[in-house]
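The values are calculated or read from the model by the stated rules, or taken from the named source; none is laboratory data. Every value quoted in this text rests on a predicted model; they were computed, and no experiment measured them. All Cβ positions, glycine included, derive from the backbone under ideal geometry; neighbour counts span all protein chains shown. The area values use the complete protein model at the heavy-atom level, side chains included, leaving out ligands, DNA and RNA. Shrake-Rupley method; radii C 1.70, N 1.55, O 1.52, S 1.80 Å.
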Amino acid sequence: MYMEDRFALQTLQAILSSLEEAISVVNTKGELVYWNEAAERTYQIKKEEIIGKNIRDFFQQEDVMHLKVLATGKPVRDVYHMPRSDKHVLISTTLLRNEENEVMGSLSIEKDITSTIHLNEKLSSASKELQQLRQHMNQQHDDPFTKIKGVHSSIQQLIHQAKKMAKSDAPILISGESGVGKELFAHAIHEKSDRKEKPFIPINCGAIPNALFESELFGYESGAYTGASRGGKPGKLELANGGTLFLDEVGELPLDMQVKLLRVLQDREVYRIGGLTPKQVDIRVIAATNRILEKMVAEGAFRSDLYYRLNVFSVNIPPLRERKEDIPLLVYDFLEEFSYKYQKQDYTIGQNALAVLLDYDWPGNIRELRNLMERLVVLNESGEITETDLYQVLHVGKEPSVHLDLQVASLAAEKERLEKERILETLQSTFGNKSITAKRLGMSRATLYKKMRKYGIVFEK
């Protein structure tokens, strides 16, 4: 009989230890007499630390369901409870009585739903943000600044200021490293201005040979020089009449052209090469440079009077390495763009790969990131960008240049586990209906099928 009792006790211990629910038992004094392995994992408290100790030493008294049930004598079943500020559980607590029906203590069974609650909060927040975004897009569908992607405060502030600048006709000087999106800002300012129905004429001052600058800017009359087109040709200044002239890389403008451009801005009239009659022009000038014009002025490489004429308003766009919060947004946006362009499946990117991008210095800024994403979509056939893919194209070495915190890695794994559970639960609640499941989860059917393949989920009606 003793052997049978011992076997039964060992069997019960094994069952309690294998359960995923946290199980605890306290006596009438509130002292812990049982604490299973799941309870250890849930609260990060070892048995040897808590057994025999009063539960009040580890939890706030008002948050302990054991004490509430012992005080009221009323058991609870599957009640939502927060034993700690960082823990959410479904708890069932009942009184334990002896053969004389005397209360000996209480038993609690707790299912940790913290991750599910957090995921639901994130999903609710994402759903709310998506709804707000849709409303914003409906209200701002004609806002050209929506093409400028960025959540960093510096970019948001620049956009706010640029919208105000767009309302005037004053010149604007946009500065920033190559590839930060200076022309995108210039175009958005033009589209937001009263000149949006008129031309936006860009000219790259660094791409035109010095000998051709004057004819490109001012145009020429018929017969002005050997080889000149019959009838003449208008220059960029004339073409921009009524609209905006965008002078990219204005720091490369030759000094003699700087003098002539300044005269046009002051007099608002243009003389073609070989022409005697001025042509009136009404233009708004937006200039951009990746050079430090103040230094060039001090060195005599750029005219101070032209600099101050162009720099009525200034926009200084920070490099990508100073606003890395924007990298994930840009990455997903570019992946979507090039997946559609090359008629490929929707591409995803792993957390480790994203960490590599966040650690990279981006000397070429957004242009470099965009080119990289296009190259990866073209070359990659798996549908997911990995850190190995990035090491090959970024040439940052075979070993990772980013050392992820182990907690970050575990969070990524936990997120995938919760996502899989969420998909399974929704499939069960919809009896395997993929369309309704995808709609409830806020994703397309294609994305749902891709995630089901990823997690090995097979669920037929």
Original post:
Taking only pairs six or more apart or across chains, which ones have beta-carbon atoms under 8 Å, a first residue in the stretch 257-274 that is more than 16 Å from Asp305 (Cβ to Cβ), and a second residue that is of a type in the set (S, T, N, Q) and open to solvent by less than 30 Å² (accessible area, probe 1.4 Å)?
Top reply: Ile273/Ser215
Subject >> Residues located in the stretch 239-279, provided they are assigned to a helix (DSSP H, G or I) and either open to solvent by less than 20 Å² (accessible area, probe 1.4 Å) or closer than 21 Å to His187 by Cα (or both) >> reply: Leu239, Val250, Gly251, Glu252, Met257, Gln258, Leu261, Leu262, Val264, Leu265
Original post:
Hey, among the residues in the stretch 203-217 that are in a helix (DSSP H, G or I) and open to solvent by less than 70 Å² (accessible area, probe 1.4 Å), which one's farthest from Tyr271 (Cα to Cα)?
Top reply: Phe213
Original post:
For the stretch 391-421, what are the residues that are modelled with pLDDT of 75 or more and open to solvent by less than 80 Å² (accessible area, probe 1.4 Å)?
Top reply: Tyr391, Val393, Leu394, Glu419, Lys420, Glu421
**OP:** Can you run down the residue pairs with Cβ atoms below 7 Å, 6 or more apart or on separate chains, where the first is in the stretch 343-371 and in a helix (DSSP H, G or I) and the partner is among the basic types (Lys, Arg)?
**Re:** Leu358/Lys324
Subject >> Pair list, Cβ < 7 Å and 6+ apart or interchain, from the stretch 107-131 residues that are within 19 Å of Leu90 (Cβ to Cβ) to residues that are open to solvent by 50 Å² or more (accessible area, probe 1.4 Å) and modelled with pLDDT under 70 >> reply: Ser115/Glu414
**OP:** Would you tally the residues in the stretch 159-188 being open to solvent by 30 Å² or more (accessible area, probe 1.4 Å) and assigned to a strand (DSSP E or B)?
**Re:** 1
**OP:** Please state which of the following conditions Val315 fails to meet, knowing it meets all the rest: (1) buried (at least 16 other Cβ atoms within 10 Å of the Cβ); (2) farther than 19 Å from Gly251 by Cβ.
**Re:** (2)
Original post:
Quick one: how many residues across the stretch 189-202 are open to solvent by 20 Å² or more (accessible area, probe 1.4 Å) and in contact with a helix residue (DSSP H, G or I) (Cβ under 8 Å, 6 or more places away or on another chain)?
Top reply: 7
**OP:** Scan the stretch 178-208 residue by residue and report those that are farther than 21 Å from Leu320 by Cβ and aromatic (Phe, Trp, Tyr).
**Re:** Phe200
Original post:
Looking at this structure, is Leu329 outside any loop (DSSP other than H, G, I, E, B), in contact (Cβ under 8 Å) with a residue 24 or more places away in the chain and surrounded by 14 or more Cβ atoms within 10 Å (Cβ to Cβ)?
Top reply: no
